[in-house]
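Accompanying notes for the structure given below.
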Amino acid sequence: SSPGGSVYVTDTTSVSSIFSSRLSYSKGAMVLHMLRWKMGDDIFFEALRNYLNDDKLKYSYAKTNDLIRHCEAVSGQDLSKFFDQWIYKEGYPSYSVEWNQKEDNTIDILINQTQSHASVDFFEMPIELGIKGIDDEKTFVRLDVNHNNFSKSISVDFKVSSIDFDPNKWLISKGNTVILNPELANDDYNLEQWTTIVREHSILLTTTNHSAKTLKIMLYDATGKRIISDQIKGTSNFSLKTGSIPKGVYYLIFDDGDRVVSKTILK
């Protein structure tokens, strides 16, 4: 509920911090719950059994690194970022989900995240969406969201009435929103449709459609040196300021996070 505070206790002389109901117990329990979601039931419980039966820890004490070691050994995953973000750092995420369904029933989804505390740039966690149809159809989708402006197209065989975020309560999060956005996607969107008009001090970029994705635009010279870098979102016209670059061959790179397209231009 509060925006800050870590499960890890830095002041071991503070009894109230060690036995904090909010952090040591409630958040600590939810972190294990999320670890189960991240690893999957079979792997999670196998790791816990190995942890509990570790001869090196019997009649002694265990540290967080001991649990990490067993979880990584069974799962084969690098869990350092998970434990760093959820045990040693502070705060929780809030998610914004936008969606739109096309005529072929494909759902386009855009996900962004804000954080309650500055110690974490982005909480990297798989999320679950519950997709409901107009005739009570239902399906669940798991997405590994590791950056903002995360976009995904999902195919279903029914008309969608609503989407629920984290319907089975796997995550620590608060203030999440799910919004139907009819402008989210365009069936004809592709990077190749951008046209270029080279002017003296700029390059005019136009397209017949646009996307909700953030599009990075970079200009390289013939030696491979990057001259200009900019980004746009949700627009079909853009003027890339080039200044007084010399005449020659240049390469214009479009990167939407999923694909990269290169265009050769002459100045």
| Counting only Cα, what are the radius of gyration and maximum Cα-Cα distance Dmax of the range 1-40, in Å? | 11.5, 36
| said: Give me the Å³ per residue figure for the convex hull around the C-alpha atoms of the range 191-266. | reply: 79 Å³
| said: At a threshold of 8 angstrom on Cα-Cα distance, excluding pairs fewer than six apart, so keeping six or more, what relative contact order does the range 93-180 reach in percent? | reply: 39 percent
| note | Of F150, F140, F123, the most mobile residue in a GNM of the chain (C-alpha springs, cutoff 10 Å) is F140
| note | Check: C-alpha center the range 199-256 vs C-alpha center the range 89-152, spacing in Å is 29 Å
| field | Ranked W99, W194, W86, criterion: other C-beta atoms within 10 Å, fewest first | value | W194, W99, W86
| task | Enter the angle in degrees (range 0 to 90, nearest 10) between the Cα long axis of helix 64-75 and the first principal axis of the Cα atoms of the chain, meaning the one along which they spread out most. | result | 60 degrees
| Dipole-positive endmost among V15, G40, F82 within the range 15-88 (Cβ charges, Cα centre) | V15
| task | Determine by what factor the alpha-carbon radius of gyration of the range 1-77 differs from 2.2 N^0.38 Å, reporting the quotient. | result | 1.23
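Place a +1 charge on the Cβ of each Lys and Arg in the chain and a -1 charge on the Cβ of each Asp and Glu, then give the dipole magnitude about the Cα centre in debye, rounded to the nearest 20.
Taking the Cα centre of the chain as origin, the dipole is about 900 debye.
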| remark: Simple spin-label estimate for D66/S119, 7 Å along Cα→Cβ, in nm, reads 2.3 nm
| Nearest 10 degrees, 0 to 90: what angle lies between the long axis of helix 41-52 and the longest principal axis of the chain (Cα atoms)? | 40 degrees
| remark: If M30, M39 are placed from fewest to most neighbouring beta carbons inside 10 Å, the sequence is M30, M39
| query | If the limit is 29 Å between Cα atoms, which of K27/K102; K132/K213; K174/K241; K38/K138; K81/K138 go over it? | reply | K27/K102; K174/K241; K81/K138
| remark: Expressed to one decimal in nm², the mean projection of the alpha carbon convex hull of the chain is 19.5 nm²
| remark: Rounded to the nearest 10, the angle in degrees between the Cα long axis of helix 28-39 and the longest principal axis of the Cα atoms of the chain comes to 60 degrees
| remark: Counting all Cα-Cα pairs in the range 93-180, those more than 15 Å apart amount in percent to 57 percent
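Every number here is computed from the coordinates shown, using simple stated rules; none is lab data. These numbers were taken from a predicted model, which means no experiment stands behind them. Positions of Cβ are backbone-derived with ideal geometry, glycine not excepted, and every protein chain shown enters the neighbour counts.
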